[in-house]
Amino acid sequence: MQLIESLDVPTFKEVGIMINDIVSFLLMTRWFLKNLQIDWEESSTNDRVCVRPNIDEDLDNRKHVYHGIDSVLVNSKNALMLCIAHVTLGSRL
């Protein structure tokens, strides 16, 4: 009986509303983060925000080219070195 008498009903109601608002916010935030187009695993691996595949075809194509650029550059460097060596050796003959 003393507990009920000591409760300040308006304050108790206000605290309840605040708790409800916080829980609603957390649930909406969880839903929002889950439904974003972000690839969380790739983002943490690359230390930058990465978009999930199959969201935008053009972006997927650009990512494919970007991920293959290292081999293109290495092949270009090797071909250029062969050309330089051929020119250098050819001028000595």
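See the values below:
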{"item": "Derived scalar couplings ³J(HN,Hα) [the stretch 16-22; Karplus, 6.51 cos²θ - 1.76 cosθ + 1.60; whole Hz; x for Gly, Pro]", "result": "x, 5, 5, 4, 4, 5, 5"}
{"item": "Rg over Rh [alpha-carbon atoms, Kirkwood Rh] for the chain", "result": "1.56"}
{"item": "J(HN,Hα) series, the stretch 64-80, from Karplus relation 6.51 cos²θ - 1.76 cosθ + 1.60, nearest Hz, glycine and proline x", "result": "4, 5, 4, 5, x, 5, 4, 5, 5, 5, 5, 4, 5, 4, 5, 5, 5"}
{"item": "Length added when fully stretched, LYS77-VAL9, from 0.36 nm per residue minus Cα-Cα", "result": "16.8 nm"}
{"item": "Eligible lysines near LYS77 by straight Cα distance, threshold 28 Å, same-chain separation 8 or greater", "result": "LYS63"}
{"item": "Förster-model FRET efficiency, 22 Å R0, THR29 and ASP56, C-beta, rounded to 0.05", "result": "0.35"}
{"item": "Under-5 Å amide H pairs with VAL51, H placed in peptide plane, nonlocal only", "result": "ASP39"}
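Just so you know, all these numbers are worked out from the coordinates, no wet-lab data involved. Computed from a predicted model, the values in this text were never measured in an experiment. Cβ sites come from the backbone with ideal geometry, for glycine too, and all protein chains shown count toward neighbours.
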